[in-house]
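Here the structure is laid out as structure tokens; the discussion comes afterwards.
Nothing in this text is a laboratory measurement; each read-out follows from the coordinates by a stated rule. Remember, it's a predicted structure, so these values are computed and weren't measured experimentally. Quick reminder, even Gly has a Cβ in these numbers, built from the backbone with ideal geometry, and neighbours come from all protein chains shown.
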Amino acid sequence: MELNPNVPPSAGRGRRIATAIRRPRTQIWFLLPAVVLYGGFFILPTLASYWLAMYDWSGLGPLGDFIGFDNFRRVFEDQEFRRAALHNLWIFIALFVMTNTVSLFLAVLLDRKSWMRGPYRAIIFLPYILSPVVTGFIFEVLLSPNIGIVNPALDAIGLGSLQHTWLADPRTALPVIIIALAWQWNALATVIFMAGLQNVPPEMREAAITDGASPLGVFRHVTLPYLAPAFTVVNVLLAIFAFRAFDLVYVIGGAIGAPNGATLVMGTVIYGNAFGKGSFLDVTTRMSYAMAQGIVLFVILGLVAALLLVYLSRRERRVH
Amino acid sequence: MTQDPNRPRRGEREKAEARGVDEVFERGFTRAGALRGVGGVLAAGALAGATPAFARDAIRVRSRATTITTWGNHPEWKGVMEKIVDVFEKSHPGIKVEVTYKPTAQYNAALNAALAGGAGPDVIGWNEGTSIRTAAKNKQIIALDGKVPVGRLIPAARAQVVFDGHSWGSALDAYTVGIFYQRPIFKKYGIKIPTNWAQLIAASKKLQAAGVTPWAMPAKDMIIPYFFYILAASSILGQDGFRQLRQGKRKLTEPQVVRAAQLMIDLQDYYNEGFQAVSYAEGKALFAQGRTAMLIGGSADYAGYKQVNPKVNVGVFGFPSPSGNRHVTVTGLDLNYSVNSKSSHKAEATTFVAWLSSRAPQQIVANELARPIAIGVTPGPGHRVESEMVAAGRPDVPVWYSVPETGGTFGAATTGGGIFTGDLDAAGFAKLVQASIKPSSKA
């Protein structure tokens, strides 16, 4: 860029700034629709929900009385919500263990060169493509005592003593849901781990092997440190997945978390309060209370995700 | 190597050269083509001119027809509802009705979600009870004074839609709930209709011994267990006792009435396998297929059984009382239809709602669906099950959630799933439901 010799440098800078402000910026116009849509359909309703959670409002008709933080206080006293939150916690713990063992193991297996690698990858990833609602139906049908094939299959292979009414027993209903969620979640976790494995330089492995490291030693001291970023991503996403679980759980356990609330999660409780739990006059909706529960869920989720992020990021820095 | 897709291939190029490239690769406006087009237009015009006047009117009316929307809460009624809508559309050529069906158990949640999002149908069907009153209070529906002939509604239906000095809509049908049974199964094992609880238990035991699942008791959504409980409790209380319950003079926690919940526990061994996680719809299908011998069901369910199994051969009886002095049924109303205040077609929607209680749709209801809500309409000859249902209840008690004092009992019962898992005993279940009752001296 050439400067006009007749204009002092300070004046030129001022003009350039003024021109820059006046100049239409193409990128702003490209961003504007997304910003307007995101602001209008996400940011504003989210902010409004904080305000509406302080009312006694059913969700239909005019706003009720302003009750301040009363809804939030009730959330913490609500046995049903606490029980549901505990179920979410169980889901998270179970999936955390499964992800960091089974999914990781599958990723390592699929990272090996094999002519079957493509089909295996497709099979592993398939559940993630399915809608959670469909996954829920699949498990419900498989385990149905009336039309399911799991019990007859167990009987056919001589394991008839293991036949069970899986979804009707409060002790097994939640574990079944965890298995269904794990089946779906495993797909994404495995793919992320596989992407992480691509970052491990082959020469590092080869050097370790040359130095006499065992395969387990190579995995522990070479592969795992390189997977640290993948662990961070997988486990933070897992926390969100586990605490936001709703559709699959709703299909299997219904609005009241059958049997006897054994499959309630925070999502189903919030939905039930917002839109009613079912038919036959159970039309009581408590939208403001549901919003308060949603905000509490948001805070819990934010805290868990933040803690995980801080811990795993530190670990990432340590191993690198 | 890439190839221009528009470029002609070698053989075609040679032919094209023979005929002239323009003719082949550019669409030419030839004289013959133009003549064909003009001819087509003329022919269409001639045909239109030759179309009889009535057909043209029909086409014009069809194109002008206003489509109104409504929702149904019984997908299994689709066939009969289509018949009713057809009759309406024939008698009202300017209006088309589009019915969308939602599963019974999800109906209210779906409706509430749609209304909250401003996407409700033109004609809104409310489950009986207080929901239509709340909607009127919230100005979600419009008053239909003088437009709906409420005088021809049976008193129970009128009480639902006439309040606060206005008429708000009309129901389509009422339903009576009793015990459906498989006639061939009862006949095969020599079982007579039980007249008391001891016989009911004995029949269940006999069926199970014969390898038949006695009861379908889908409890995932607690709909059928709720009806079982209110029938059993009503069989103890009777009409007078139910009124006293509403007035606060009697309680479900009385040892005599707790027996109703205990019966539900005592029969647990005779319910379908895994019943705690079986949905209402699946339970009905099990019974309709003849895989269980009995099911608590309403007159409105019969159409659904026939849809699942056109050869279904069932009968119905009222719930026996413990000592055998009476059979009890409970009766309620199905959806109460009203006009959405946000509808763009209020006049057409009002016409449809007003028509629902007229003779033509009510006779279809009586013969094929449920109990009619218009005075003087009865099932036609040859409709045995519908007639049996009417005869089953002596006495007939209002379905509990339809009256304000016991309106919360369904919601309470849905949290009582512990009765089937051992977490709640009979007294505990009765206490839970009793806690939801708001007695009133005016009842």
**Q.** Within a Gaussian network of chain A (alpha carbon springs, distance under 10 Å), most fluctuating of A:N199, A:N273, A:N235
**A.** A:N199
(Q) With angles folded into 0 to 90 degrees, how steeply does helix B:53-64 sit against the dominant principal axis of chain B? Use alpha carbons for both and round to 10. (A) 70
Q.
Taking amide H atoms as placed 1.01 Å from N in the peptide plane, list the residues 5 or more away in sequence, or in a different chain, whose amide H sits under 5 Å from that of B:V397.
A. B:T329, B:V330, B:T331
Q | Where a label projected 7 Å from the Cα of A:M204 along Cα→Cβ would reach, residues of region A:228-246 with amide N under 12 Å | A | A:228-230
Q: Quick one: among B:E82, B:E386, B:E128, which has the greatest mean-square fluctuation in a GNM of chain B with alpha-carbon springs under 10 angstrom?
A: B:E82
(Q) Quick check: residue separation of A:F66 and A:L44 times 0.36 nm, minus the Cα distance between them. What number comes out in nm? (A) 5.9 nm
Q: Scan chain A and report its longest stretch carrying no trypsin sites (Lys or Arg not before Pro) that are both in a DSSP loop and have at most 14 other Cβ atoms within 10 Å.
A: A:114-320
Q | Segment B:K187-B:R64, length gained on full extension (0.36 nm per residue, minus Cα span) | A | 38.7 nm
Q) Which entries of B:K102/B:K442; A:K277/B:K342; B:K96/B:K306; B:K306/B:K442; B:K83/B:K206; B:K192/B:K431 show an alpha-carbon separation above 32 angstrom in the structure shown? A) B:K102/B:K442; B:K306/B:K442; B:K83/B:K206; B:K192/B:K431
Q) In whole Å and largest first, what semi-axes does the C-alpha gyration tensor of chain A yield when each eigenvalue is scaled by 5 and square-rooted? A) 42, 37, 18
**Q.** Projected label distance in nm at B:D240 and A:R25, using a 7 Å step from Cα toward the beta-carbon
**A.** 8.4
(Q) Which of B:I364, A:I177 has the fewest other C-beta atoms within 10 Å, and how do the rest follow up to the most? (A) B:I364, A:I177
**Q.** Inter-chain Cβ neighbour average for residues B:103-116, partner chain, 10 Å
**A.** 6
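Run the numbers on chain B and let me know its relative contact order in percent, using alpha-carbon pairs under 8 Å that are six or more apart.
That works out to 22 percent.
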Q | Inter-chain Cβ neighbour average for residues B:406-416, partner chain, 10 Å | A | 4
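Tell me, what is a quarter of the convex hull surface for the C-alpha atoms of chain B, in nm² with one decimal?
Answer in nm², one decimal: 34.4.
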Q. Shape of region A:196-320 from its Cα gyration tensor (a ≥ b ≥ c, root eigenvalues): rounded if a/c is under 1.5, otherwise prolate when a/b > b/c, or oblate?
A. prolate
Q) Near B:K284, which aspartates and glutamates are there with a Cα under 16 Å away, not counting those fewer than 8 places off in the same chain? A) B:E76, B:D221, B:E273, B:D301
Q. Given the options A:A292, A:A207, A:A180, which has the most mean-square fluctuation in a GNM of chain A, springs set between C-alpha atoms less than 10 angstrom apart?
A. A:A207
Q) Once you put a point 7 Å from the Cα of B:N138 and another 7 Å from the Cα of A:D111, both along the Cβ direction, what distance in nm separates them? A) 5.4
Q | Over chain A: helical MRE at 222 nm, DSSP H runs n ≥ 4 each giving -39500 (n - 2.57), nearest 500 | A | -21000 deg cm²/dmol
Q. Among residues other than B:S440 whose Cβ falls under 13 Å from its Cβ, what is the net charge (Lys/Arg +1, Asp/Glu -1)?
A. +4
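For region B:288-375, state which trypsin sites (Lys or Arg not before Pro) are in a DSSP loop and have at most 13 other beta carbons lying within 10 Å of their beta carbon.
B:K311
Report the local net charge at A:A173: Lys and Arg +1, Asp and Glu -1, summed over other residues whose C-beta lies under 13 Å from its C-beta.
Numbers: positive: A:R171, B:K220; negative: A:E140, A:D169.
For residues surrounding A:A173, the net value is 0.
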Q: Between the alpha-carbon centers of region B:333-400 and region A:121-144, tell me the distance in whole angstrom.
A: 42
Q) Which residues in region A:147-185 have a backbone N closer than 18 Å to a point placed 7 Å from the Cα of A:V97 along the Cα-to-Cβ line? A) A:171-185
Q) Using the Kyte-Doolittle scale, which helices in chain A average at least 0.0 and also have C-alpha atoms spread 15 Å or more along the helix axis, with helices defined as whole DSSP H runs? A) A:26-38, A:79-98, A:117-129, A:132-143, A:170-197, A:228-243, A:287-319
Q: Tell me which residues come under 5 Å, amide H to amide H, from B:A171 once H is placed; ignore anything under 5 positions away on its chain.
A: B:Y337
Q: For region A:170-264, just say rounded, prolate or oblate: build the C-alpha gyration tensor, square-root its eigenvalues into a ≥ b ≥ c, call rounded for a/c under 1.5, and beyond that prolate if a/b exceeds b/c, oblate if not.
A: prolate
Q) Pairing the Cα long axis of helix B:78-91 with the longest principal axis of chain B, what angle in degrees results, from 0 to 90 and rounded to the nearest 10? A) 60
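Over the protein assembly as shown, consider all pairs of different Cα atoms and compute the Kirkwood hydrodynamic radius from their mean reciprocal separation; express it in Å, one decimal.
31.1
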Q) Using 7 Å Cα-to-Cβ label points, what is the A:R171/A:A153 separation (nm, one decimal)? A) 2.3
Q: Sum -39500 (n - 2.57) across every DSSP H segment of at least 4 residues in chain B, then divide by the residue count to get the 222 nm mean residue ellipticity, nearest 500.
A: -13000 deg cm²/dmol
